[in-house]
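The values are calculated or read from the model by the stated rules, or taken from the named source; none is laboratory data. Computed from a predicted structure; not experimentally measured. All Cβ positions, even for glycine, are placed from backbone atoms using ideal geometry, and neighbour counts span all protein chains on display. Please note that ligands, DNA and RNA were not included when accessible areas were found on the heavy atoms of the full protein model with its side chains. Shrake-Rupley method; radii C 1.70, N 1.55, O 1.52, S 1.80 Å.
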Amino acid sequence: MGYRALGSFFAHRGFITVIPDYRLVPEVQFPAASEDVRDAVNWIFNNVDLIGIPAIPAPDGGAIFVMGHSAGDMHTKNLTLYPPLSSTIQPRLKGLIWSGGGWFFDVEGTKFSAEDPTQYYYGSLEQQKEREPRALWNGLSDEQIKNFPDILLVRAEREPDFLLIAWEAMVPEIGKRLGEAPQTIISKGHNHVSANWALSSGQGEEWGEEVVKWMKARLN
């Protein structure tokens, strides 16, 4: 329900916004949730004529952005970093907005058990370390990095400590392989949840306006 605010915010700024669902643990494990996101993206690409709105120009199937937050961020990263999945995305994505998600999960001072949703999804601790976003990013070839969609990194000012630790590693690691620092946005005054819930409220929306600006710059 909360993501309706996000959908409304971007729709009112000219973007047809689709918020897909995906299966959860313990029903599924890696990479099933990312497959669900992949299926949604491919459906949109193949059914552009069905999602048009009479009052605005026809949708551009070549201008699809994918944004994920928290667990959705993790699944979006898996979608685009795990070659068996990324090779099955039909359109070439225009851009990726990774928001408030992990880069790796073995953070000092943080203990995950076998019952933890993250480790349950990825499998054993060894499998987790092979499948988490940082490992998948490092496993890409230079050619794959060269052809990667543009990346925008977003986080709240008041994220949990383990996400802030991962962020401090993620930004330079991505920048090193891209050859330049990725653009970042920090939603001031927000915690992990409030940034999305604030959209369409008229307050605390500045970060969303910056995302809109970033996307529109890639449509020119």
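Structural remarks
- Residue (of Ala166, Gln119, Val154) at the positive-pole extreme of the range 40-178, dipole from beta-carbon charges: Val154
- The chain: angle of helix 206-217 to the longest principal axis, Cα-based, in degrees nearest 10: 70
- Net charge over other residues, Cβ less than 15 angstrom from the Cβ of Gly208 (K, R count +1; D, E count -1): +1
- Full extension of the chain segment joining Leu24 with Arg92 gains 21.8 nm, where the gain is 0.36 nm per residue of separation less the Cα-Cα distance.
- Surface composition of the range 116-209: carbon plus sulfur atoms contribute 48% of the solvent-accessible area (1.4 Å probe, protein chains only, all chains present).
- Maximal additional length on extending the Ser201-Asp142 stretch stands at 17.0 nm, based on 0.36 nm per residue less the C-alpha distance.
- Rolling a 1.4 Å probe over the heavy atoms of the protein chains gives the range 1-107 an accessible area of 47 Å² per residue.
- The angle between the Cα long axis of helix 71-81 and the longest principal axis of the Cα atoms of the chain comes to about 90 degrees, rounded to the nearest 10.
- By the helix-only formula, in which each DSSP H run with n ≥ 4 contributes -39500 (n - 2.57) and the sum is divided by residues, the chain has a 222 nm mean residue ellipticity of -12500 deg cm²/dmol.
- Fully extending the segment from Gln183 to Asn47, taken as 0.36 nm per residue of separation minus the present Cα-Cα distance, adds 45.8 nm.
- Between the Cα long axis of helix 161-178 and the first principal axis of the chain there is an angle of about 70°, rounded to the nearest 10.
- Pairwise Lys count, the chain - Cα closer than 21 Å, eight or more residues apart or different chains: 11
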